[in-house]
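One structure is given here, and the rest of the page talks about it.
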Ligand SMILES: Cc1cc2nc3c(=O)[nH]c(=O)nc-3n(C[C@H](O)[C@H](O)[C@H](O)COP(=O)(O)O)c2cc1C
C-alpha cells in the first residue's frame, strides 16, 4: 500500500487510537440531540435475527446515580458524568412481541444469554464510539455486577432483562485525560489463523512485556491477580451474578444461585 493510502487509512481510524477510558468529567451537560444521535448510532449495530435483544436505562435521577455509584464500589465517575446508562440484555420485549402476535415464546436461558449479551455489547460499543466521535469521553462500568440483583430490582427490570454493565459519557476534564493510551497484548496473541495456537511461555512473557506500561511500579500480573486469581474480585462476583440471573429468569443452572 502506498504511504499516502496507509496514512489516510490510519487517520480514518483515529477514534480508536484516541480511545482512553475517561474517569474525570467536567460538570457540563450533553445537548439532548447529541444524546439522541448516540442512541440512534447504538441502534445501528448489527443484531442477531433482527431481534435487538437489549435496552438502555438512562439514569438521570442523581439519587439513583449515587446509589449505583456506591453499589459499584463507590466509583465517583458514575456520579459526575453527564450521562449514565445501564446496558441491559433484554429478551422480555422479544417475548412480548412474539406473544403479541399469538406465538409461544421458546428461547432458553443459554441462548438468551449468549445472543442477548452479544447484541447488547455491540450496541453499547456503538454508543461509546458515537460518543467519542462527538468528542465526549466514556467509561464502561462492570462494577455494577457487584450488586446486580439489587440494581435489577431498583430499576424494576422484568424477568428476561439483565443489567450487563454501565456506561459513563461526558465532557472529559482535559487536565485529567491520560496522556497515553493503555497498552494491549501483542496482536499475534489475539489473532489465530485457521486453528487455535496454544501459548508458549515466550508468548505469555511477550504479553506481560507489552502490558508493562499499565503498571509502571509493579507489573500487569498484580492487576490480573487482584481480579482473576483465587480470592479476587471476580471470584466474589460469581454468587451475586448467579443470584441476578436467577432473579431475572435467565439462570441456566438455578441450583447454583445461593441466598445472600
Ligand atoms: C465490561 C467492562 C467493564 C469495565 N468496568 C470498569 C469499571 O467498573 N470501572 C472503571 O473505571 N473502568 C471499567 N472499565 C474500563 C477498563 O478498565 C478499561 O477499558 C481498560 O482498563 C482499558 O483501558 P482503556 O479503555 O483506557 O483503553 C471496564 C471496561 C469494560 C469493557
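The values are calculated or read from the model by the stated rules, or taken from the named source; none is laboratory data. Only a predicted model underlies this, so the values are computations on that prediction, with no experimental measurement involved. Here Cβ is always computed from backbone atoms with ideal geometry, including for glycine, and neighbour counts include all displayed protein chains.
Look at segment 38-60 and say how many of its residues are more than 16 Å from the ligand (Cβ to nearest atom), crowded, with 16+ Cβ neighbours inside 10 Å and part of a helix (DSSP H, G or I). Before the answer, list the steps.
Of segment 38-60, the ones more than 16 Å from the ligand (Cβ to nearest atom) are 38-41, 43-44, 46-53, 55, 57-58, 60.
Add one more test, that the residue is crowded, with 16+ Cβ neighbours inside 10 Å, and what stays is 38-39, 41, 47, 51-53, 55, 57.
Keeping just the survivors that are part of a helix (DSSP H, G or I) gives 38-39, 41.
Matching residues across segment 38-60 total 3.
Evaluated against (1) surrounded by 21 or more Cβ atoms within 10 Å (Cβ to Cβ); (2) within 16 Å of the ligand (Cβ to nearest atom); (3) touching a residue at least 40 places away in the same chain (Cβ under 8 Å), residue 117 falls short on exactly one condition, (1). Taking first residues from segment 64-76 that are in a helix (DSSP H, G or I) and partners that are exposed (fewer than 14 other Cβ atoms within 10 Å of the Cβ), the Cβ contacts under 7 Å between residues at least 6 apart in sequence or on separate chains come to 69/76.
The residues listed here are 194, 202; of these, the one that is loosely packed, with under 11 Cβ neighbours inside 10 Å and either on the phi > 0 side of the Ramachandran plot or in contact (Cβ under 8 Å) with a residue 60 or more places away in the chain (or both) is 194.
Pairs linking a residue in segment 96-108 that is at pLDDT 95 or above to a residue that is part of a loop (DSSP other than H, G, I, E, B), with Cβ atoms under 8 Å and 6 or more positions apart or on different chains, are 98/104; 98/105; 99/105; 107/91; 108/252.
Can you pull out the residues in segment 19-36 that are within 16 Å of the ligand (Cβ to nearest atom) and in a loop (DSSP other than H, G, I, E, B)? Spell out how you get there, then give the answer.
Filtering segment 19-36 for residues within 16 Å of the ligand (Cβ to nearest atom) gives 19-25.
Residues satisfying the conditions are 19, 20, 22, 23, 24.
Taking into account only those residues within segment 161-191 that are closer than 19 Å to residue 79 by Cα and more than 15 Å from the ligand (Cβ to nearest atom), which is nearest to the chain's Cα centre (by Cα)?
Start the filter on segment 161-191 by keeping residues that are closer than 19 Å to residue 79 by Cα, which leaves 163-177.
Filter once more, keeping what is more than 15 Å from the ligand (Cβ to nearest atom): 171, 174-175.
Working: 171: 19, 174: 24, 175: 25 Å.
Among those that are closer than 19 Å to residue 79 by Cα and more than 15 Å from the ligand (Cβ to nearest atom), it is 171.
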